[in-house]
Amino acid sequence: MMSDFQRSLSVRLSRRGERSNHQSNNKEEEGEGGLFSPTGSRLHSENAIKTIWKAGFVRLLLVGGIVWMLLILLALLFHVWSCQSSLSFFSAICNKEGRLYVVLDTIGFVPKPQHRCPIPVAYDPDKVLLPTSITPDTIVTNLTYITHEDLSSNSSFPLFGGNISWSQRQESFILKPQMKVHCGFIPGGGAEMSSLDKQYVQKCKFVVATGIFDAYDQPHQPSNISHRSKNLFCFLMVVDEVSLDFLRSNTTVSQDVQGGSWVGIWRLILLKTPPYDEPRRNGKVPKILTHRLFPQARYTIWIDAKMELILDPLLILERYLWRGKHTFAIAQHKHHRNIYEEADACKRRKRYARPLVDLHMKIYRYEGLEPWSIKKSTVSDVPEGAVIIREHTAMNNLFSCLWFNEVHLLTPRDQLSFGYVVDRLKGAFKVFMFQNCEYNSLFELHPHIREHSSKIEWVKSLKELKGKGESLKESRGGFGLWTPYPGDLDSVELPKVVRTSKAG
C-alpha cells in the first residue's frame, strides 16, 4: 500500500520536473532569440529593410515610367514646333532626311502614321436613316452661273471655264446672299453631254461618280454594295471619246433598251469635245463640277478611277456627313499639310512646268496665303483629292466653282488650289478633313494603265516657253499664268520648304 503511494508520488514529481524543465528551456530560448534579444532585433530590422526596399523599387518603377512618358510628350511637342520653325537647325528635325530626325525616329520618339485604320461605320446599310430635309443655306442663298460672255483677246473661241478677269476672280470671293460666278460649261467650250445622258442623270439624287480620261485607267467594279444602295444610287462613269473607244476594245460594254452604255454597275456618261488640251485638266471637270454635270443630285461621292470602292456608299454618307452634321468631307494628304511643300513635290515629280508652279505659288503668296501651321483653323491645307463626299448646298457648290476657276486659270494641280480657296472664304466654308488612314480603308488602290505625259511637264524655265516654245503652252487653260497680274510678283519670295517626305 505504502509502496504504491510512493510510486504514484514519484511519478507526479517526475512529471512536474519535466514540465518545469520544458518551461525553463522555453524561457532560455526566448532569452536567447526573443523579440528584445540582439538576434530577434536583427531579424526584425532585416524584414523592415526588405519591405522598405520593395516599396522603394515599386515607386522607382512608377516614377521612371512617368518621367519616360513626359520625355516622349516633350519630344513630340518639340517635333511639332520644329516643323514650323524657320531655323534650319530645328527644321532639320522635322525633315525625314535629317540626322536628328533619324535619331529621334530610331529611339521611337517619332510616331509612325498608319496606312490603314478601322472606319467607325454603321453596321447595316439597311438601318441607315436618310435625312428628311436638306441643310439650309444661310450665307449664300441663291447661286447662279455665268453662261454667256464675249470672246476676249486671249482666245478666238469660247473657253469652257470662261474668260475670267483678275477683278472678276477677286469679286467672286466676296460672299453675298445672291451670287453669280463663272463655273465652267460656257456654250461652245466643250464637255457636252448627249440628250440621252442628260435625261438619265435627271433622276439621280444620290450619285457615286468616277471618270476616265485619255484612257489612262480601267474600270473597277465596287464591292460590298447593298441591294438598297444599288437601288438608291446612280453609279456614273464619265468618259471622253478616247476612253470610250478603249473600253469598247478591252472590256464588255453593254447597252440598255434606251441606248445607254454600261460597264458592270457603271453607267457611262460621254463628254464630247474635251474642253482642254491637258488630260489632267479635263479630269477636273467631273471631279470638281459634279453639281453642274448632275444638277439634280443631292449627295455625291466622287472617287478617282484608280480606286476600287469596297465600302457601301450609304455607310460612307452616314459616317462622313450625317453623323457629324457635315456637308463636305475630304481626306487629309498623307505627307503634306503645307501648300508650298505640295508645290515643291509637284516640281520634283514633274507634274507640271516648274516655273509655272512657282508662278502659281507666287500669286497665292502675294495674296497673303501663309504656310500651314498649327495656328490655322484647318487640320491641313492639302487634301487627298481622290475621294470627295458632298451634300450639294449653295455654299458647297460655290466652293466647287471657285476651286475649279483656280484650276482653269492657273495650273491643273487641284491640291494646290483647294486650301487657298478654303482660306479665302475665311471660315464660311466648312470642311471635314478625315485622317488619311481611313481614306485608305475605303478603297483598294490600282495602278494607272499609264501615266499622263505632256511636254510642258518638263519645262524648267520660262525661256523655254518663248519663241518656238510657244507651242508648249496650253491653248484652252491656264490663261492666268500668261495674263498680266495686277501686282509685283517679282518681289515675292516663296516660303522656304522643308521636305518632310520623299513621296510627292
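Of all residues in the stretch 447-471 being surrounded by 14 or more Cβ atoms within 10 Å (Cβ to Cβ) and over 20 Å from residue 345 (Cα atoms), which is farthest from the chain's Cα centre (by Cα)?
It comes out as 469.
With the requirement that a residue be closer than 17 Å to residue 230 by Cβ and assigned to a helix (DSSP H, G or I), what does the stretch 276-316 give you?
313, 314, 315, 316
Taking the stretch 431-479, which residues are more than 20 Å from residue 352 (Cα to Cα), part of a helix (DSSP H, G or I) and of a type in the set (Asp, Glu)?
438
Yes/no per residue for (1) touching a Phe, Trp or Tyr at 6+ places or on another chain (Cβ under 8 Å); (2) not in a helix (DSSP H, G or I):
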position	(1), (2)
343	no, no
361	yes, no
364	yes, no
370	no, yes
375	no, yes
380	yes, yes
389	yes, yes
399	yes, no
403	yes, no
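Quick one: count up the residues across the stretch 262-282 that are closer than 30 Å to residue 162 by Cβ and either open to solvent by less than 50 Å² (accessible area, probe 1.4 Å) or free of Cβ contacts under 8 Å to residues at least 12 places away in the same chain (or both).
Counting residues in the stretch 262-282 that are closer than 30 Å to residue 162 by Cβ and either open to solvent by less than 50 Å² (accessible area, probe 1.4 Å) or free of Cβ contacts under 8 Å to residues at least 12 places away in the same chain (or both) gives 12.
Can you pull out the residues in the stretch 322-348 that are open to solvent by 10 Å² or more (accessible area, probe 1.4 Å) and among the charged types (D, E, K, R)?
Across the stretch 322-348, the qualifying residues are 323, 325, 334, 337, 341, 344, 347, 348.
Kindly evaluate residue 295 against the criterion of being over 28 Å from residue 497 (Cβ atoms), open to solvent by 10 Å² or more (accessible area, probe 1.4 Å) and at pLDDT below 95.
Judged against the criteria, residue 295 is not a match.
For every residue, the table says whether it meets (1) in contact (Cβ under 8 Å) with a residue 12 or more places away in the chain; (2) in a helix (DSSP H, G or I).
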residue	(1), (2)
122	yes, no
135	yes, no
144	yes, no
149	yes, no
168	yes, yes
188	yes, no
196	yes, yes
199	no, yes
207	yes, no
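Say whether the condition of being surrounded by fewer than 12 Cβ atoms within 10 Å (Cβ to Cβ), assigned to a loop (DSSP other than H, G, I, E, B) and modelled with pLDDT under 95 is met by at least one residue in the stretch 174-182.
no
Condition first: in contact (Cβ under 8 Å) with a residue 60 or more places away in the chain and open to solvent by 30 Å² or more (accessible area, probe 1.4 Å). Now tell me which residues in the stretch 216-245 satisfy that.
Passing the criteria: 216, 218, 221, 223, 224, 228, 232.
Let me confirm something: among 410, 398, 425, 416, which residue is touching a helix residue (DSSP H, G or I) at 6+ places or on another chain (Cβ under 9 Å), closer than 30 Å to residue 483 by Cβ and surrounded by fewer than 22 Cβ atoms within 10 Å (Cβ to Cβ)?
After ruling out the rest, the residue left standing is 425.
Scan the stretch 251-261 for residues that are of a type in the set (A, V, I, L, M) and surrounded by 12 or more Cβ atoms within 10 Å (Cβ to Cβ) and jot them down.
Listed by number, the list holds a single entry, 253.
Can you find even one residue in the stretch 143-154 that is out of contact with any helix residue (DSSP H, G or I) (no Cβ under 9 Å at 6 or more places or on another chain), farther than 28 Å from residue 275 by Cβ, of a type outside the set (Gly, Ala, Ser) and exposed (fewer than 15 other Cβ atoms within 10 Å of the Cβ)?
No: zero hits.
If we keep just the residues of the stretch 354-381 that are open to solvent by less than 50 Å² (accessible area, probe 1.4 Å) and β-branched (Val, Ile, Thr), which is farthest from residue 487 (Cα to Cα)?
378
Applying the selection to the stretch 188-215, what residues are open to solvent by 30 Å² or more (accessible area, probe 1.4 Å) and either under 24 Å from the mean Cα position of the chain (by Cα) or acidic (Asp, Glu) (or both)?
Answer for the stretch 188-215, where residues must be open to solvent by 30 Å² or more (accessible area, probe 1.4 Å) and either under 24 Å from the mean Cα position of the chain (by Cα) or acidic (Asp, Glu) (or both): 192, 214.
What are the residue pairs meeting all of these: first residue in the stretch 361-385, first residue within 23 Å of residue 169 (Cα to Cα), second residue of a type in the set (Val, Ile, Thr) and assigned to a loop (DSSP other than H, G, I, E, B), Cβ atoms under 6 Å, and 6 or more apart or on different chains?
Pairs found: 362/492; 365/492; 366/492.
Across the stretch 96-120, which residue is modelled with the lowest pLDDT among those that are assigned to a loop (DSSP other than H, G, I, E, B), touching a helix residue (DSSP H, G or I) at 6+ places or on another chain (Cβ under 6 Å) and open to solvent by less than 60 Å² (accessible area, probe 1.4 Å)?
Applying the filter and picking the extreme gives 98.
Looking at the stretch 156-172, which of its residues are touching a Lys or Arg at 6+ places or on another chain (Cβ under 9 Å) and open to solvent by 20 Å² or more (accessible area, probe 1.4 Å)?
Residue satisfying the conditions is 157 alone.
Looking at 319, 351, 248, which one is assigned to a helix (DSSP H, G or I), open to solvent by 10 Å² or more (accessible area, probe 1.4 Å) and touching a residue at least 40 places away in the same chain (Cβ under 8 Å)?
Matching residue, one of 319, 351, 248: 319.
The values are calculated or read from the model by the stated rules, or taken from the named source; none is laboratory data. Since this is a predicted model, take the numbers as computed values, not measurements. Cβ: placed from backbone, ideal geometry, glycine included. Neighbour counts: every protein chain shown. Keep in mind that these areas ignore ligands, DNA and RNA; they rest on the heavy atoms of the full protein, side chains included. Shrake-Rupley method; radii C 1.70, N 1.55, O 1.52, S 1.80 Å.
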